[in-house]
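Encoded as structure tokens, the structure appears first; notes follow it.
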Amino acid sequence: MALTLVLHGVFVYFSWYKYDPADVTANKLYRNDTSSYADKGPLGNFFAELYKGAFFSKVKVDDPETLENFLYSDNAIYDGTALFGAAKDYNVITVLAESFEWFSFMNAFPNGEEFVLGHSADQEILRKVYPNLYALYDSSVTMTGFRSREKTDISENLSIMGAYPTDKIINYDYPKNTVVTSLARTLKELYGADNITANYFHNGTSSFYNRNTYLTKGLGFDSFTAADDMNKAGMPDHIAKGERNLDSEMINTCFDKMFPTDKRFYTYITTITQHGQYEPRDNLAPHYAKLDEFGLAPLPEPNHKNYVSARNFRTYAAAAIELDAAISAINRYLDERGLTENTLLVLFGDHNAYYSSLSSDVKGITDGKYDTSRNYTDLYRVPFMIRIGDGKHAQKIDKFTCTADILPTIYDLLGIKTFGNFLYGHSVFDEHESVLYSRAYDVFLTDKMYFTSINKIRYQSPNVDQTYREQTEQTAHTLLEKVSRTNQIFYTDYFKGDRAVNFYNRLRALNES
């Protein structure tokens with residue numbers, strides 16, 4: 001064990017001794033070593049993170065003038081697209097649906113019929129089983145090329161503040177940092193704290209990901225309501241029975257606070273019912289019965305080769321009926337309170353259903369095997385839909401989009417101008433396409449490429465040419481310049497105090513111009 005520690009220490013030292021979190025481009029985009037998760041294995045990755053965090057995470061901060069010239073560059077001001085302000089003064093509801101996949105409610109992948117559905121389920125049947133998800137799909141701006149390759153907390157943060165530092169887990173490392181780009185803080189600063197209420201809801205335990213501290217202290221939400229609070233208000237405690245809580249019960253318990261009528265609101269909801277593992281659950285019994293009624297997700301004989309995968313999907317499909325019920329409840333309360341027409345509803349999957357290898361089984365794509373006969377990046381293709389009011393501007397957008405594009409899109413629709421160098425992504429209505437850099441897995445991703453660095457391309461579509469590779473490299477380079485500055489901001493709590501006041505004064509001036 002001692003020898004293992006020493007050897008890993010030596011390896012990490014020579015891999016990282018020149019590493020500077022304030023300038024990550026060389027160490028991320030142009031490195032020649034291999035990905036920690038993909039090749040070093042869990043033990044190698046553990047030691048790499050341990051040593052790197054202990055000895056190679058000090059940040060050299062640019063002088064304030066240089067950093068601020070970058071952050072507030074006139075060339076990077078984001079003043080919107082053709083749909084800028086299409087949802088001006090709207091309420092915002094963001095629903096992060098745990099492990100939400102297109103095959104939650106669509107027969108969208110080749111292995112679906114083989115062991116999941118048992119027969120070719122036509123859309124008419126699926127629309128009866130998942131009516132609210134289909135209605136949202138039909139009435140939304142739907143990003144069919146959306147990918148996410150993150151853990152829940154990172155997807156959550158990207159959709160709230162549009163950026164994330166490397167090598168740190170900010171919920172734990174920086175729970176009280178001043179996050180000036182948080183949507184909750186931005187809305188309050190621009191429109192007045194007395195005129196906006198921002199609240200977060202999650203039907204999981206309050207301390208997970210340190211949300212009970214980070215969401216209010218760091219991101220500026222007025223409150224965080226977790227399962228512990230919901231149980232006191234009468235929601236059944238399924239976690240105590242070893243099962244996931246039900247999403248519709250969360251909505252029905254918290255609707256007054258989620259959808260107030262006395263002031264404008266920003267409500268963030270993270271669901272949990274579709275979260276793995278996927279063993280059978282007693283609280284999904286009515287949903288299993290509905291699947292049986294329509295002949296969906298039948299179980300083969302126990303000795304069948306696909307029995308476990310089919311059993312997992314059966315629970316997943318039943319959990320999707322529960323998500324559908326939650327969307328139904330949201331719609332009902334918005335309609336009853338006359339809020340639908342002035343509310344922006346965002347629904348997205350935080351990552352694929354990787355628990356029990358369900359995503360790989362259904363999609364026929366093995367994680368870590370880059371067979372060019374299939375688009376490997378489809379493994380991480382999940383839903384992202386935005387309903388504007390009662391369905392204005394509904395359309396399908398096929399280009400590559402990612403989790404970093406969620407917040408810029410919300411700003412665009414709300415008619416809020418921003419400083420683009422604070423944000424990793426672009427509005428989905430913008431002509432530019434992003435490159436996803438996964439903090440959790442230390443890889444880059446587009447809809448055609450998956451790479452550890454530009455020198456270690458693990459998958460590329462057969463139609464990728466030199467021009468596309470060069471464009472992707474340039475976009476990734478620009479992204480990492482922003483990541484480097486984000487590291488400086490977080491590692492030093494740069495916007496504590498007067499700098500936050502200066503930021504918001506600049507933001508107000510920008511939006512008044």
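The values are calculated or read from the model by the stated rules, or taken from the named source; none is laboratory data. These numbers come from a predicted model, not from an experiment. Positions of Cβ are backbone-derived with ideal geometry, glycine not excepted, and every protein chain shown enters the neighbour counts. The accessibility values were calculated without ligands, DNA or RNA, using every heavy atom of the protein model including side chains. Shrake-Rupley method; radii C 1.70, N 1.55, O 1.52, S 1.80 Å.
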Along each of the three principal axes of the Cα atoms of segment 273-384, give the extent in whole Å, ordering the values from largest to smallest. 50, 34, 22
Rank-order 439-446, 363-370, 464-471 by packing density, defined as the average count of other C-beta atoms within 10 Å over each peptide's residues, highest first. 439-446, 363-370, 464-471
Carbon and sulfur together cover what percent of the accessible area of the chain at a 1.4 Å probe radius? 49
So if I restrict to the alpha-carbon atoms in the chain, what is the Rg, and what is Dmax, the biggest pairwise distance, in Å? 22.6, 68
Size of the dipole of the chain about the Cα centre, Lys and Arg at +1 and Asp and Glu at -1 on the beta carbon, nothing else charged, in debye to 20? 780
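Accessible area per residue of segment 338-465 at 1.4 Å probe, in Å²? Numbers along the way, then the final one.
Numbers: 3810 Å² over 128 residues.
Using a 1.4 Å probe on heavy atoms only, each residue of segment 338-465 averages 30 Å².
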Scan around Ile397 for amide H atoms under 5 Å from its own, H built in the peptide plane at 1.01 Å from N, and keep only partners 5 or more places away or cross-chain. Thr142, Met143, Thr144
Within segment 405-419, whose backbone N sits under 16 Å from a point 7 Å along Cα→Cβ of Glu512? 417
Given 0.36 nm per residue, what is the gain on full extension from Gln471 to Asn455 after removing their alpha carbon distance, in nm? 4.3 nm
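Can you work out D for segment 359-453 in µm² s⁻¹ from Stokes-Einstein, where Rh is the Kirkwood radius over C-alpha pairs, the temperature is 37 °C and the viscosity is 0.692 mPa s?
Values: Rh = 15.1 Å.
So the translational diffusion coefficient is about 217 µm²/s.
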Segment 397-502: D in µm²/s via Stokes-Einstein (Kirkwood Rh, Cα pairs, 37 °C, 0.692 mPa s)? 216
Translational diffusion coefficient (Stokes-Einstein; Kirkwood radius from C-alpha pairs) of segment 262-321 at 25 °C, 0.890 mPa s, in µm²/s: 188
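Grab the alpha carbons of segment 445-488, take their convex hull, and tell me the volume per residue in Å³.
For segment 445-488, the hull spanned by Cα atoms encloses 69 Å³ per residue.
Taking the Cβ of Asp367 as the center, what net charge do the other residues with Cβ under 13 Å away carry, scoring Lys and Arg +1 and Asp and Glu -1?
Values: positive: Arg149, Lys363, Lys369, Arg374, Arg458; negative: Asp361, Asp371, Asp378.
In short, +2.
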The simple spin-label model distance between Val6 and Glu68, using points 7 Å out along Cα→Cβ, in nm, is 5.1
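Keeping all protein chains in place and using 1.4 angstrom, which order do Phe429, Phe105 fall into by accessible surface area, from largest down? Walk me through the numbers on the way to the answer.
On the way: Phe429 45, Phe105 0 Å².
Final ranking, largest accessible area leading: Phe429, Phe105.
Could you work out the relative contact order of the chain, using alpha carbon pairs under 8 angstrom and six or more residues apart, expressed as a whole percent?
Working: 937 pairs, mean separation 146.4, N = 513.
Computed over the chain, the figure is 29 percent.
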Hey, can you rank 286-294, 385-393 by average C-beta count inside 10 Å, highest first? 385-393, 286-294
How big is the gap, in Å, between the Cα center of segment 445-513 and the Cα center of segment 307-368? 29
In Å and whole numbers, how far do the C-alpha atoms of segment 283-347 stretch along each principal axis, longest first? 53, 21, 19
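Find the Rg to Rh ratio for segment 181-234, where Rh is the Kirkwood radius over alpha-carbon pairs and Rg uses the same atoms.
Numbers: Rg = 12.1 Å, Rh = 11.7 Å.
With Rh from the inverse mean 1/r over Cα pairs, Rg/Rh is 1.04.
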